[in-house]
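The values are calculated or read from the model by the stated rules, or taken from the named source; none is laboratory data. Remember, it's a predicted structure, so these values are computed and weren't measured experimentally. Cβ atoms come from the backbone with ideal geometry, glycine included; neighbour counts cover every protein chain shown.
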Amino acid sequence: MMGQELFEHPERQYTTYGITPLKELSAQVGSVEDLEELSEEQTAALEHALEQHPDEALTYDDASQLWIIGTEDDIERMFQDREDFVEALNNNEDPGV
């Protein structure tokens with residue numbers, strides 16, 4: 001489980017989990033309210049990112065407002081660790097333990 005310092009800074013988590021933030025793509029595409037409403041340019045930018053990283057997963061991280069890319073396992077582990085941190089807090093447990 002991640003500690004509070006790491007939890008409070010989503011972008012710092014990427015190094016720990018081997019994930020790459022795609023800041024340029026994030027600026028081009030923005031958040032993912034509805035994928036069906038993306039422009040052709042936004043769709044092309046997402047497709048290009050996937051072509052550049054064919055063996056990795058692409059997803060949007062609401063916590064940092066960035067598109068990120070990494071292995072599916074690493075991304076899932078990061079999101080799960082975040083959920084575990086919040087769950088520990090909700091259960092009055094020390095999330096750093």
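Tabulated data
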read-out	value
Region 16-60, residues that are free of Cβ contacts under 8 Å to residues at least 12 places away in the same chain, among the acidic types (Asp, Glu) and under 30 Å from Gln4 (Cα atoms)	Glu24, Glu33
Region 31-45, residues that are closer than 20 Å to Glu56 by Cα and touching a helix residue (DSSP H, G or I) at 6+ places or on another chain (Cβ under 8 Å)	Gln42, Ala45
Cross-chain or 6+ apart pairs with Cβ under 7 Å, region 68-91 first and under 15 Å from Glu11 (Cβ atoms) and outside any loop (DSSP other than H, G, I, E, B), then at pLDDT 90 or above and of a type in the set (S, T, N, Q)	Ile68/Thr20; Ile68/Thr59; Ile69/Thr20; Gly70/Thr20; Ile75/Thr59; Met78/Gln13
Residue in region 34-47 that is among the small types (Gly, Ala, Ser) and within 19 Å of Phe79 (Cα to Cα) present	no
Residues within region 81-97 that are surrounded by fewer than 16 Cβ atoms within 10 Å (Cβ to Cβ) and either among the small types (Gly, Ala, Ser) or within 15 Å of Gly18 (Cα to Cα) (or both), tallied	2
Output for region 11-28, where each listed residue is in contact with a Leu (Cβ under 6 Å, 6 or more places away or on another chain) and more than 16 Å from Phe79 (Cβ to Cβ)	Ser26
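Yes/no per residue for (1) surrounded by 14 or more Cβ atoms within 10 Å (Cβ to Cβ); (2) at pLDDT below 95:
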residue: Met1; (1), (2): yes, yes
residue: His9; (1), (2): no, yes
residue: Leu22; (1), (2): yes, no
residue: Ala27; (1), (2): no, yes
residue: Leu38; (1), (2): yes, yes
residue: Gln42; (1), (2): yes, yes
residue: His48; (1), (2): no, no
residue: Glu56; (1), (2): yes, no
residue: Ile68; (1), (2): yes, no
